[in-house]
Structures are given as C-alpha cells and as structure tokens.
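Only one structure is covered here, and it is reproduced in the block below.
The values are calculated or read from the model by the stated rules, or taken from the named source; none is laboratory data. Note that the structure is a prediction, hence the values are computed from the model and not measured. Here the Cβ positions follow ideal geometry from the backbone for every residue, glycine too, while neighbour counts run over all protein chains shown. Just so you know, the surface numbers come from the protein's heavy atoms only, side chains and all, with ligands and any DNA or RNA stripped out. Shrake-Rupley method; radii C 1.70, N 1.55, O 1.52, S 1.80 Å.
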Amino acid sequence: MFPFVSNKGILGLNARNLLYIKPYNPRKAVALADDKLKTKAFLAARGVPVAKIYARIESRDQLRAFDFKSLPDECVLKPNNGFGGEGIIILKGRKNGQFLEQGKQPISDEKLREHIEDILDGKFSINGREDTAFFEKILVTDRCFAPFHPAGLPDIRIVVFNLVPVMAMLRIPTVESGGKANVHQGGIGIGIDLSKGTTTYATQYNKIIHRLPHGGSPSGIAIPGWEEILLIASRIQYNTNIGYLAVDLTIDADMGPALLEVNARAGLMVQIANLAPLRARLERVAGIDVNTPEKGVRLAQDLFGQKKRASHQELSEDDRPVLGTHEMISIAGIGATVDVPALLSAEHERTVFSSSLLTELQSIDGAIKLETEEEGYRVKFALGGRKIQTIARIGDVPSDVRAIVGRRDLSGFLIDPVKTQSPVASGGVKEDLRAIDRFLASVDHDLLLLKYVKPENLFEERARAVEDRRYNPIFQYAPVQVDMNDIEGRLIALSPDDSALGLLLRKKRRELLQRITVLRSRGNARAFTDACSAMYGQPTSVLLSAATSVLRSQQACDLPRPENMLTAEQVVPMLEEVLSKYGLHDWRVDIRDSVVARITVGSQSVYLRRDAMFPKEDIQGLIAHEIETHALTSENGSHQPFELFRRGFAQYMDTQEGLAVYNQNRFLSPHHEKRYGPARNILGTAFALEHSFADTRRYLQEELGYDADKALTKAIDMKRGIVHTAEPGGFTRGIVYFRGLRAIEHFIAAGGDLRRLYVGKIALEDLDLLKDIPGMKEPLILPEFLREDVQEIGKKKRTKKA
C-alpha cells in the first residue's frame, strides 16, 4: 500500500480525461501531439533540439522502392502515431548486410518490410488509422545516466499544466522492457525533486524498489541542466497550446537536452514514482496568471519544494571555484575539441562568441543554430571542471579572446579580478595534464602489446607443432602501424607536474617508453627478453620458491580431471546473462577464431576462442575473473574523470590479474587445478627463459601437469615475441598472476578494502595517490559479494551522522 493512496489529490484516469484533457487540450493541439513528425518539425523550427530524421515511408509504393542500404548503420524505426513505445525497433550495426536489432539479433530486410507494413496499416497507431513509418537518428545516452545503467535510452517525463511543470520522473529502460523507457513494460520510473533535479523514489511493476538491478541506489542523483530542461518543457507547452501535457526529453551526449515526443494523454505512473498526488498539484496551479515559461519554472520550484538557488549557490564562498577573468573554455564537436580563450564578465548578461568562432564550431557540430540568428546558438562548453550548456549570441569580443562568458553562465563560480589567468582549469587539474592523459591513453591504445606480439602465422605454426612435439615454431610479426619514433619523441617531451595525477602520468609515460623498446626488439630473443624483463620483471628466487611450495601441495592431492565440458557457443548465453545482471548492456560476447587465450576481455567485449572448451564447474570462477573483475573495473574506469582509469595506469596488471585470480578462487574447490595456474605460470616462464619452445612445452606437460593442448598454448604464450623459438628467452608477462595474487592476499591480510580497487585499472602501490586526484568517483558497480558490505557501511555512516 502506497502511503499517499488515501490522499484525495490522487488523479485517476477518468478525472484526467474529464477535468484536464477534454477542457484544456483542443483537438488540433492533440492531433499535433499525436503526429510525431509534425510535432518535431514544428518545435525544431522554434529552437527545440530534436533527433535527425533519415527517411519516412508513407505508402507501400514507397516501401517497395525503399533501399535499406541508404540508411546509416545505426537508426531507430518508429511509427509516427505510435504510443506506449509500441512498434519501435532499434537498429544498431549490421552483420552480413543485415541490420542487428538492439545490436544483437539480425533482422532481415523482409522482416523490416513486414513491420513497416504493419505500421502503415495502423497496427501501432494510437487511433488505429493508417500511419507513417520513419527512421530517426539514435541519440547517445549522456554519461549523467551512467549510475542507472540503462538498457537503452532513458527519458525524463515532465507533466506541464498552465506553463508550470508540476511533476517529473526519470524512466529507465531495462532488459524486461526491451530497452524501451516504458514503465508499463518493465522499465523503472524514478521520481524527481522539481526544485533540485535530484532523483527520489523508484518504482518497477507498481512496486517501490530501493536498489537498481545492478545494485546501485536510485535516489540522490542529480540531473544536470535541470532548470533548462524544465524551461524547454514549459516552452513546448507555450508553443503547442496543449494545456495538459507530458513532455518526454532525454539528454544526448552531444546535443544535450533533446525532445523525444509530446504526449497529450500522459499516463499517471508519475504519481507512484514521486509518492505524491498529481491532482493536488494541478489544482494548486490552476487559475494562476502565468504568461511566460520562465515564470512557470520559477513557480514550479517555489511551489513544489524549496527552490534551489542558482546552480551551485548552496556552496559556501570558500567552497566555490575561484577563476580569473581570463580562462580557457573547451567546446567539444564531432572528432575535435576546441579550446577557446574567454573573458569572464559579470557585466555581460549573456554569453557572446565571435562570428569566426561560431563558424568554426558549426563545422564540427559544436554549435547548433536556433531558428533565428537573434535567438543565438546552442553550445555546450566546459569551464572550471563543469559542463555548461547555454545559448550564445554573435557579438564583438576583445581582441585577446574569442568569447565572453556572461553572468548567466557564471553562477557557482567566484571571479577574482586580480587574477589575470587562473593557474588551474577543469576542477583543479591543469589543462595540460588532461591533454597528457588523453595522449597517453591514445598511445596505450595504438601500441597494444598483445596485438603486436601475436604471430601472424600462428595457425600454421601451431598446426605444425601439433604434428611434431619436437618442432620449434618460427614466428612472424606484423609491423607496428604507427610511427614509434614520433610517439617516442612526443612522450619524452611531456612534462607532467609533481601533483598526484602528474606522478601517475610520469609512471605511465615511462611504461609506454618501455613498451616501445619491447616492440622494437621483437624477433631478437635476447633483446626482447631483456626489454620484457625491464617492463614486467623476472621470476625472482622468492617467487620461484613460493610457487614451488604451492605445487608441492598439488602433488600431494589426487586432482580429478573435469568431465562435463561446454563449448564456446554454450558459454555465450551464460556470460550474456551476467553482463545484463550488472547492467553492462553495451557489452557483447563474441566468438573469435583468432583469440590466443580461451577467453579475454577488451573494448566492451568478452571474446571466446571458437575451439575452446570450458568445464561446467569452472563457469562461476570464469565469471568472477573476466566479468566481475576485468569488465567491472573497465566500466567503472570509463566513468572516472581521466581516460587512463579505463585504459590502465602503469603497473596495473599485477593488481588487475591478482584481483581476478583472487575472485576466481572464491568459487574453486580447495584443490582445484586452476588454483595452481599462477604458480605454474611463473615456473614455466622461468624455464622458457633458459630453454627452447619444444623443451618448454615438454616441461609444462610432463613436469607441471598441463594436458597436451594447454601445454602447447602456454608455450606459445611464453615464447611469443621471438622469431626463432629454439632460442632461450621469452615473454615474461605471465609472472604478474602469481605476483599479483600474493600482493592482493597481503593487502587483504593488512585490512585492505577490495572496493578501492574497483575505481578503475590502477595499481595497489598508487592507492594513496588517488585520494588527491580531483573529480574521483566511487565505483558505479561492485560484484555482488562486496555489495552487502557497502550497504552496511552506508547504514553505519548514516547512524553516525544522526
């Protein structure tokens, strides 16, 4: 029973129709709202941002002649007069010439034509009449929605009456709702505090929920640009003359707030999501003289909560960022970012850009022109570590700058006129450090070590080794596809400062220079081994002694061989289910022929080798290793303020692989064979450094107990990077698993908190530096076994504060 059910202010369906829709929504206005294409064209001409329309199909003749190849690889098919999310198909990518529905299942042109015929026949139309189908650009979910891990594009529904936004909710698409932001189909509705723009209560299937499917809390998350969003909703009512209206908006990563659709018959679930009666709010604003959208928004925030003062004004003056009168602002476009010198001036009310700057920004879609030049250009820029969206106008600016930021966009900052230029930008981090972070991340991507030490002739040489156990493969390697001399020179020229971030960047620079040395030495056994040893280290006597001790305990046990084996195809749905459970809806599981290991994680994908077999009892450990460690830290790192949290800081491999092995071991029996893998790795690597490929393979099988196939795979791992594998030497990366596991075990024994390791791909040794990096965020997703502890700590903190 909801606490507000007995309240007389609840709005029911009949009351909505009789009291609000019939008297306040003229037929012409309702017809406009029902026609999505007309609505968007009408409002786009009045400055409301909307998605691009690629094509429209109004008849069967058009459908027969339509070429689906003319569409981009990603788009949305919608019925023009549809309702409730029915009839929408999201197309993401192509495979073998066919679109992929939701990026997963192929859908043929024939099926699309059949679906479009249904649309034309009015199957999804709100009035059952003949309809029009159209293809629209896919909007990209803004990072502000990341804490909710939506399975599609979230939207914000705002109910507007008498130009006053009276209630709002955030609608989160889920797997159950088919990736659509429809609460009736299993999506999640989350109430929004109108005054602050922060989330409150959440509901799914008409029940209040306190945790999101991936484990996060739905409440207390701020929606950026909230007042602007409310203002857009009120302006839409002002322009359409629909008296009782629901506006569905989203926040696109590039466009900012964008209109999805206008609804003249809005549902009533918004009351449950807010635990508040809608009718009482509607009655409260009825009859008030509201003549502008701006006044409507002010009334909404005054009447339905303590109005939040201008953004960030709740901060004390000491807490607010202090900027100089001259600062750099960053404006992102498609494929480029423009850094612009700007004057910060409270004497100017509105932000002004030079005409040359706006021309440049339009060329990269960094500025969107509104209906008239007088109305200005919609621009999103970064200043002082905050994203600001504004309407900029063309005007005269001083010769030493290209823009003037007016007082409308300066709330929440303190301007010190004594400072001619602030020594820091972007929230306390020098802009050159951000540029260094981006450069190092791009170099890390371009110089993928595993990519370039993988032999080009791997399949052929492996096949020969299968036939002849004494064969020493001769490997060939692809040339590095970037200019390493140029990259090396640019790395050497970098000069990070002595801040915490600067120190981490220095270490990463040094590691990348070592990586260049490794890549240059491929083929030469001695030089390659020395370079790898400098980068990863060598098996030390302490590590070898510890590994030998571990394997002695294995020899004392009779280890059963796995019997129930699964193919890669059988494992795929198991991994997809786990990814969905953690809200990793953009991640994919793919089967590849070219993967060296049985399974690996990279670029929002989990790759399985096609011929790999997996013991059924090992699947939980596999999930803990690959998804609950590698995938989660990568996903959390992508939401941190610096790119290297996702790519990986220097020496992160020990911590990453050690944590993965530790998590995996939680699901393995005390004497499971995989528990001995890290120890075998380090002993095998030590042997490979002194022996040939064939001898190493024999040692792995006869002395360390690997089966024939695994011994061959491991020998390839340890000898890759060398051309003539009959020579001693090899790739020493394999030692990180055992060394890293020991470090994680020592960390836990000393009282360390594993949650700290989930902020991204970082090294244990750098944990103390992280607390001094501005903008750091708590991990968005934690594995299930760590969540209960988080909830208990949260309760203790709240109890302590009380």
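Brief remarks on what is shown
- Those residues of the range 160-185 which are in contact with an Asp or Glu (Cβ under 8 Å, 6 or more places away or on another chain) and modelled with pLDDT of 90 or more, in sequence order: Leu170, Arg171
- Looking only at the range 610-621, and only at residues there that are in a helix (DSSP H, G or I) and open to solvent by 20 Å² or more (accessible area, probe 1.4 Å), the one that is farthest from Leu575 (Cα to Cα): Glu617
- For Ile404: the one exception among (1) of a type in the set (Val, Ile, Thr); (2) surrounded by fewer than 18 Cβ atoms within 10 Å (Cβ to Cβ); (3) at pLDDT 80 or above; (4) more than 18 Å from Met255 (Cβ to Cβ): (2)
- Complete set of residues in the range 332-347 that are within 17 Å of Asp400 (Cβ to Cβ) and either open to solvent by 70 Å² or more (accessible area, probe 1.4 Å) or of a type in the set (Asp, Glu) (or both): Asp339, Glu347
- Test: residue in the range 742-759 that is over 30 Å from Gly775 (Cα atoms), modelled with pLDDT of 95 or more and more than 29 Å from the chain's Cα centre (by Cα): yes
- Of all residues making up the range 414-440, the number that are open to solvent by less than 50 Å² (accessible area, probe 1.4 Å) and at pLDDT 80 or above: 8
- Cβ-Cβ under 8 Å pairs, at least 6 apart or on other chains, the range 106-119 side loosely packed, with under 15 Cβ neighbours inside 10 Å, far side in a helix (DSSP H, G or I): Asp109/Phe68; Glu117/Arg60; Glu117/Leu63
- Taking the criterion of being at pLDDT 80 or above, assigned to a loop (DSSP other than H, G, I, E, B) and open to solvent by 10 Å² or more (accessible area, probe 1.4 Å), the residues of the range 360-400 that qualify are Gly395, Asp396, Val397, Pro398, Ser399, Asp400.
- Residue list for the range 512-533, filter: in contact with a Leu (Cβ under 9 Å, 6 or more places away or on another chain) and of a type in the set (Ser, Thr, Tyr): Thr529, Ser533
- Within this structure, Thr250 passes the test of being within 31 Å of the chain's Cα centre (by Cα), closer than 29 Å to Asp35 by Cα and at pLDDT 90 or above.
- Test: residue in the range 695-704 that is in contact (Cβ under 8 Å) with a residue 60 or more places away in the chain, over 20 Å from Leu622 (Cβ atoms) and surrounded by fewer than 22 Cβ atoms within 10 Å (Cβ to Cβ): yes
- Per-region count, the range 680-695, residues of a type outside the set (A, V, I, L, M) and closer than 11 Å to Arg469 by Cα: 2
- Scanning the range 175-192 for residues that are in contact with a helix residue (DSSP H, G or I) (Cβ under 9 Å, 6 or more places away or on another chain) and either assigned to a loop (DSSP other than H, G, I, E, B) or on the phi > 0 side of the Ramachandran plot (or both) yields Val175, Glu176, Ser177, Gly178.
- Residue match in the range 135-152 (condition: open to solvent by 30 Å² or more (accessible area, probe 1.4 Å), free of Cβ contacts under 8 Å to residues at least 40 places away in the same chain and in a strand (DSSP E or B)): no
- Residues that are more than 30 Å from the chain's Cα centre (by Cα) and of a type in the set (A, V, I, L, M, F, W, C) within the range 371-404 comprise Ile394, Val397, Val401, Ala403, Ile404, listed in sequence order.
- Counted residues, the range 587-597 - those being in contact with an Asp or Glu (Cβ under 9 Å, 6 or more places away or on another chain) and surrounded by 16 or more Cβ atoms within 10 Å (Cβ to Cβ): 5
- Residues of the range 640-669 satisfying the condition of being open to solvent by less than 20 Å² (accessible area, probe 1.4 Å), within 20 Å of Glu765 (Cα to Cα) and part of a helix (DSSP H, G or I): Leu644, Phe645, Thr655, Gln656, Glu657, Gly658, Leu659, Ala660, Val661, Asn663
- Inter-residue pairs, beta-carbon under 6 Å, first farther than 18 Å from Leu358 by Cβ and aromatic (Phe, Trp, Tyr) and in the range 400-420, second open to solvent by less than 70 Å² (accessible area, probe 1.4 Å) and modelled with pLDDT of 80 or more, 6+ apart: Phe413/Leu323
- Once the range 176-210 is narrowed to residues that are buried (at least 21 other Cβ atoms within 10 Å of the Cβ) and among the hydroxyl-bearing types (Ser, Thr, Tyr), the residue that is nearest to Ile223 (Cα to Cα) is Thr199.
- Among the residues making up the range 20-31, those that are open to solvent by 70 Å² or more (accessible area, probe 1.4 Å) and within 21 Å of Gln271 (Cα to Cα) are Lys22, Tyr24.
- Matching residues, the range 285-305, being outside any helix (DSSP H, G or I) and small (Gly, Ala, Ser): Ala286, Gly287, Gly305
- Per-region count, the range 152-202, residues more than 18 Å from Leu231 (Cα to Cα) and of a type outside the set (Gly, Ala, Ser): 18
- Condition met for Glu563 (in a helix (DSSP H, G or I) and not hydrophobic (A, V, I, L, M, F, W, C)): no
- Candidate set: the range 213-235, residues that are open to solvent by 50 Å² or more (accessible area, probe 1.4 Å) and of a type outside the set (Ser, Thr, Tyr); chosen: the one nearest to Ala151 (Cα to Cα): Pro213
- Check on Arg515, within 30 Å of Leu769 (Cβ to Cβ), surrounded by fewer than 16 Cβ atoms within 10 Å (Cβ to Cβ) and modelled with pLDDT of 95 or more: no
- Per-region count, the range 64-101, residues buried (at least 16 other Cβ atoms within 10 Å of the Cβ), in contact with a His (Cβ under 9 Å, 6 or more places away or on another chain) and part of a loop (DSSP other than H, G, I, E, B): 2
- Check on Leu501, open to solvent by less than 20 Å² (accessible area, probe 1.4 Å), within 30 Å of Arg610 (Cβ to Cβ) and modelled with pLDDT under 95: no
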